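Novice: The following block contains the structure, expressed as structure tokens.
Bear in mind that the values in this text are calculations on the coordinates, not laboratory data. Computed from a prediction, not measured in an experiment: that's the story for all the values here. When we count neighbours, we look across all protein chains shown, and the Cβ atoms used for this are built from the backbone with ideal geometry, even at glycine.
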Amino acid sequence: MTTRTVRVRFAPSPTGGLHLGGVRTALFNYLFAKKHKGTFVLRIEDTDQTRFVAGAEQYILDCLDWCGILPDEGPHVEGKFSPYRQSERKASYRKYANQLVASGFAYYAFDTPEELGKMREAFKSESNPSPQYNSKVRMQMKNSLSLDKEIVNELIDKNTPYVIRIKMPNNEEVKLNDLIRGEVVFNTDQVDDKVLLKADGMPTYHLAVVVDDHEMEITHAFRGEEWLPSSPVHVLLWDYLGWKDSMPDWAHLPLILKPDGQGKLSKRDGDRLGFPVFAMDWMDPKTGELTKGFKEMGFLPEAFINMLALLGWNDGSGEEIFDKETLAERFTIDRIHKGGAKFDFEKAKWFNQEWIKKSTSEKLLPYVVHQLTKLTIELDEEKLLPIITLVKDRCQLLNDFVPQIIYFFKDPETIDTASIQTKWDENKSIFFNDWISNLEELTSWDAMSIETHFKEKATASGIKTGELQLPFRIMLVGAKFGPTVFEIAAIIGKESTIRRINHVLKMLQQ
RNA sequence: GGCCCGUUGGUCAAUCGGUUAAGACGCCUCCCUUUCACGGAGGAAUGAGGGGUUCGAUUCCCCUACGGGCUACCA
């Protein structure tokens, strides 16, 4: 089985924003495929017509594209295994569902939702709060196992809605060799007769995942741990359909948990704690509600996938900053954790900061320009490159570039005079007035010359240069942050420097 | 309730029977810098509990506790 060419799939449901856990699943698929020179497939699991959301499929593609992990096959690249949307593969599922009925592994069930509800009510007890449709009750329900053949035929002839359910065997052990967890054993009595084909003719996940993984020749199936309890159904189906020998190896990924409390991370947690959960901004077409994404929050895609890869996996080296290629080289399933990991937004930001520091200013330029275009300022892109070099160590998110850069192009709007006022005196006022009126002495306007000149004058005036640098910074930047003042002065130019000094000098006189 | 999975500092985590139990994030102290960062040097902080197995258990087994997942004609 493992000698087959690796084919993996990411199979999201197009129902809304792409959750970080989904991206991680996609990423692990991608890395595994790259490592083994295999194929990464995107399959759209849109079998629930009631949950269809317009634009969600394109959005998923956009997210994967942004992350740089676009699949080799999928609805965006038609190929040998087209179509890749389950809604377009309907015929196939019905065929296999019928085959299962014919071979006695599945049956028709005519119970209405109301009847199902009644059954659950009737069998509900303290010791069994959620009764299942299983071997214990199925003979009391309306299905092709409990009903006479003629009645079944009659019901079908009269177009009575029905579903097809798998007939779970009695008291059998189903073993699954999970690549992450090892052997997991289930007793078939514990799992119910899952619906395989719904009344609307669409398959449920259980049937679709098996049929498609088979037809698309998937060799390794990654999915979240929440699927583990239903995996015996899938294993049985692979067997019943006669495909047992080509069943993919399963790998159930640990969940990504809330930072506080417990449970898996949800969109609500992000809203509540102020961080994104989706890869990119998601606008719900029905409600118009916008949910923030990592991209728009100022993350570099490299940092985002780097962070995700290290959530539940590590290569044991202690290194943490990896590019996509290195990740693909080092990725192995046996180093994926079993336990869930709580998401830590602080650490996520740290990854982004590392990637910003690591990136060249040229690479950062388009991102920064994008941030800056949100502002209405005159941009001189030529000037931008050296500025980025100067400030990038101070940015954790791409959005941080805005406050770090804006004062290079625009006089500060607010001046933090409070932090210099207490130590301000007439001598300092005189110094700055003298200094700006003597600036023509400066033949070249560069950081070094400005600094030298500034310090000479300071020494001459008898004031420690250190005591003058903070006021100078406040004058140019408006607050206590940013690179060396002299670099700032050099870039904004002599005129702006003088104008900003005069402006603050006036404020201080009042 | 039942079934399944899991459990090393606040968080991510290394260790694959013998270590002073790595490293990272965050936090704290100091240095650099009279800004903010970056960088550097330190610090506090961890094996859920109980039984075994073993000369020796964080590591292997069992029980308990705790956490999570599933228990839909949703995925």
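Novice: Compare the peptides A:35-41, A:473-479 by average per-residue count of other Cβ atoms within 10 angstrom and give them in order, highest first.
Specialist: Descending packing order for the listed peptides: A:473-479, A:35-41.
Novice: Given R₀ = 30 Å, what would the calculated FRET efficiency be for A:D380 paired with A:T422, taking r from the Cβ atoms and rounding to 0.05?
Specialist: Taking R0 as 30 Å, the efficiency between A:D380 and A:T422 is 0.25.
Novice: Same structure, new question: Given the DSSP H assignment, sum -39500 (n - 2.57) over each helix run of at least 4 residues in chain A and divide by its residue total; what's the result at 222 nm in deg cm²/dmol, nearest 500?
Specialist: When only DSSP H runs of four or more count, the value is -13500 deg cm²/dmol.
Novice: Mind giving me the FRET efficiency for A:D344 and A:D281? R0 is 22 Å, r the Cβ-Cβ distance, nearest 0.05 is fine.
Specialist: With R0 = 22 Å, the Cβ-Cβ based efficiency is 0.50.
Novice: State the dimensionless ratio Rg/Rh of region A:47-89 (Rg: radius of gyration of Cα atoms; Rh: Kirkwood radius).
Specialist: A ratio of 0.99.
Novice: Give me A:K457, A:K363, A:K95 sorted ascending by neighbouring Cβ count inside 10 Å, so fewest comes first.
Specialist: A:K95, A:K363, A:K457
Novice: Moving on to the next point. If we sort A:289-300, A:46-57 on the protection proxy, mean other Cβ atoms within 10 Å, highest first, what's the order?
Specialist: Put in order of decreasing packing, that is A:289-300, A:46-57.
Novice: Further, regarding this structure: Using alpha carbon centroids, what distance separates region A:1-61 and region A:317-367, in Å?
Specialist: That distance is 21 Å.
Novice: Report the rotationally averaged projected area of region A:340-414 based on its alpha-carbon convex hull, in square nanometres.
Specialist: 6.0
Novice: Place a +1 charge on the Cβ of each Lys and Arg in region A:283-372 and a -1 charge on the Cβ of each Asp and Glu, then give the dipole magnitude about the Cα centre in debye, rounded to the nearest 20.
Specialist: The dipole of region A:283-372 has a size of about 200 debye.
Novice: Further, regarding this structure: Which one, A:N502, A:I436, A:I491, is farthest towards the positive end of the dipole of region A:411-509 when Lys and Arg carry +1 and Asp and Glu -1 on their Cβ?
Specialist: Positive-most Cα among the choices belongs to A:N502.
Novice: Less than 13 Å Cβ to Cβ from A:K383, Lys/Arg counted +1 and Asp/Glu -1: what total charge do the surrounding residues give?
Specialist: Net charge around A:K383: -4.
Novice: For region A:193-314, place one equal point scatterer on every Cα, skip the solvent, and apply the Debye formula. What is log10 of I(q)/I(0) at q = 0.10, 0.14, 0.19 Å⁻¹?
Specialist: -0.48, -0.86, -1.09
Novice: Now for a separate question. When the distances between all Cα atoms of region A:150-233 are binned every 10 Å from zero, what whole-number percent does each bin get?
Specialist: Calculated over all Cα pairs of region A:150-233, the distribution is 14, 38, 32, 12, 4 percent.
Novice: Over all directions, what mean area does the Cα convex hull of region A:90-197 project, stated in square nanometres?
Specialist: Approximately 8.8 nm², given one-decimal rounding.
Novice: Continuing with the same structure: Place the peptides A:124-130, A:166-172, A:400-406 in order of packing, highest mean first, counting for every residue the other Cβ atoms within 10 Å and averaging per peptide.
Specialist: So the peptides A:124-130, A:166-172, A:400-406, ranked by packing, come out A:400-406, A:166-172, A:124-130.
Novice: A further question follows. Given 5 Å bins starting at zero, what is the percent of C-alpha pairs of region A:294-430 in each, up to the one with the largest pair distance?
Specialist: Over region A:294-430, the share of Cα pairs per 5 Å bin runs 2, 8, 17, 16, 14, 11, 10, 8, 6, 4, 2, 1, 1, 0, 0 percent.
Novice: Go through A:M139, A:Q396, A:G339 and say which Cα lies farthest out towards the positive end of the charge dipole of chain A; charges sit on Cβ, +1 for Lys and Arg, -1 for Asp and Glu.
Specialist: Of A:M139, A:Q396, A:G339, it is A:M139.
Novice: Kindly provide log₁₀ I(q)/I(0) values, in the same order as q = 0.15, 0.24, 0.25 Å⁻¹, from the Debye equation applied to equal alpha-carbon scatterers of region A:267-358.
Specialist: The Cα Debye sum returns log10 ratios of -0.65, -1.25, -1.31.
Novice: How big is D for region A:411-509, in µm² s⁻¹ as a whole number, if Stokes-Einstein is applied with the Kirkwood radius of its Cα pairs at 20 °C and 1.002 mPa s?
Specialist: In µm²/s, the coefficient rounds to 161.
Novice: Starting from the eigenvalues of the Cα gyration tensor, five times each then square-rooted, give me the equivalent ellipsoid semi-axes of chain A, largest first, whole Å.
Specialist: 65, 22, 20
Novice: Relative to the Cα centre, what is the charge dipole magnitude of chain A, using +1 at the beta carbon of each Lys and Arg, -1 at the beta carbon of each Asp and Glu, and rounding to the nearest 20 debye?
Specialist: 620
Novice: Treating only the Cβ atoms of Lys and Arg (+1) and Asp and Glu (-1) as charged, compute the dipole magnitude of region A:23-105 about its Cα centre; round to the nearest 20 debye.
Specialist: The dipole of region A:23-105 has a size of about 400 debye.
Novice: Please work out the Cα center distance from region A:416-483 to region A:144-209, rounded to the nearest Å.
Specialist: So the separation of the two Cα centres works out to 80 Å.
Novice: Which percent, nearest 5, of DSSP beta bridges in chain A are antiparallel?
Specialist: Antiparallel bridges: around 55 percent, rounded to the nearest 5.
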